[in-house]
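Trainee: Before we start, here is the structure in question, set down as structure tokens.
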Amino acid sequence: MEKEKAFACTMCDKRYTQRGNLDLHMRIHTEWKPHSCDVCGKNFRCMSSLRSHKMIHLGIKAYTCDVCSRAFSSNNTLKEHMALHTNTKAYECKVCNRAFRQASCYQRHLLTHSDNKRYACQVCDKRFTQMSYVRSHMKVHTGERPFQCTTCSKKFAHQSDLNRHRIIHSGEKPYACKVCGAQFSDVSARKRHCREHEGLRPHACQHCPESFKRVTQLRTH
């Protein structure tokens, strides 16, 4: 018999069978990360995450992808990578139906539906549910791009943008067209391709009734 999930998070309504699991989950909202890496100083919410992280410093990559043989230092990272091959998004938001491959991205997304936006940007007063979001947002104002591709030296404001960019160099094409099966290395390329099937022309000219599939076509027009 399944245990009753009596302990509910007051911020995102996620429920747990044990109080300890709820307390651990609450660190996502409070940003409390008590476990620190003695090599680089990075902090983590739980000891298991710290242990997995230390594998990076040791150069240990014990988890290998069966599809492309790429190796990873943690099982969670391998699972997230495997989702690229299968195009699986296992975490779906019940509020807006948006789906995510990574549990961490899903948890952060849930906060966007929360009204508890107590952290404000000092430049434009935009408000956020977590201080980490404010720090990430500030890069819009500062123009900071700390994440650099080691292959082509292109820089990005966020780690997630760099991760998507790296797929181009790896040769992977994890985004497939559901109509014809054509595969692409990034989501935007697939979207542009899908418009060929749908006949969509979202870029309209402001001076005449003409519309175009791509913004480059509109500019040329």
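Rule-based calculations on the coordinates, nothing more; no lab input. Owing to the predicted nature of the structure, the values given are computational and were not obtained by experimental measurement. Ideal geometry is used to build each Cβ from the backbone, glycine not excepted, and the neighbour counts take in all protein chains shown.
Trainee: Using the structure shown, select from K42/K79; K5/K126; K54/K117; K61/K173 the pairs with a Cα to Cα distance greater than 30 angstrom.
Mentor: Correct reply: K5/K126; K54/K117.
Trainee: In addition: Which FRET efficiency value, to the nearest 0.05, is calculated for Q148 and H203 with the Förster distance at 41 angstrom and r the Cβ-Cβ distance?
Mentor: The formula returns an efficiency of 0.80 here.
Trainee: Still on this structure, I have one more. Considering only L110, L58, L162, give the residue with the highest GNM mean-square fluctuation for the chain, with springs between Cα atoms whenever their separation is below 10 Å.
Mentor: It is L58.
Trainee: Would you mind estimating how fast segment 173-221 diffuses translationally, via Stokes-Einstein at 37 °C and 0.692 mPa s with the Kirkwood radius over Cα pairs, in µm²/s?
Mentor: Result for D is 281 µm²/s.
Trainee: I've got another one for you. What net charge is computed for the residues neighbouring S153, neighbours being all others with C-beta under 14 Å from the C-beta of S153, Lys and Arg scored +1, Asp and Glu -1?
Mentor: +4
Trainee: Once you've got the GNM for the chain with C-alpha springs shorter than 10 Å, pick whichever of H57, H29, H81 has the biggest mean-square fluctuation.
Mentor: Its mean-square fluctuation being the largest, the pick is H57.
Trainee: Only helical DSSP H runs with n ≥ 4 go in: add -39500 (n - 2.57) per run for the chain, normalise by residue count and round the 222 nm mean residue ellipticity to 500 deg cm²/dmol.
Mentor: Value at 222 nm, helices only, nearest 500: -11500 deg cm²/dmol.
Trainee: Moving on. State, to one decimal in nm, how far the label point of C96 lies from the label point of D125, with both points 7 Å from Cα in the Cβ direction.
Mentor: 2.3
Trainee: With unit charges on the beta carbons (Lys and Arg positive, Asp and Glu negative) and the dipole taken about the Cα centre of the chain, which residue among V215, H57, Q130 sits farthest to the positive side?
Mentor: V215
Trainee: Something else: Give me P(r) over the chain, computed from all C-alpha to C-alpha distances, binned every 5 Å, as integer percentages.
Mentor: That works out to 1, 5, 9, 11, 16, 17, 15, 12, 7, 4, 2, 1, 0, 0, in percent per bin.
Trainee: Checking the a/c ratio against 1.5 first, then a/b against b/c, what shape does the Cα gyration tensor give for segment 30-96?
Mentor: Oblate, since a/c reaches 1.5 and b/c is not below a/b.
Trainee: Once amide H atoms are placed 1.01 Å from N in the peptide plane, what residues at a sequence separation of 5 or more from K154, or on another chain, have their amide H within under 5 Å of its amide H?
Mentor: Under 5 Å from the amide H of K154 lie the amide H atoms of C149, each far enough along the sequence or on another chain.
Trainee: Can I ask one more? Which length gain, in nm to one decimal place, applies between D186 and V140 when the Cα-Cα distance is subtracted from 0.36 nm times their residue separation?
Mentor: Extending this stretch completely gives an extra 14.3 nm.
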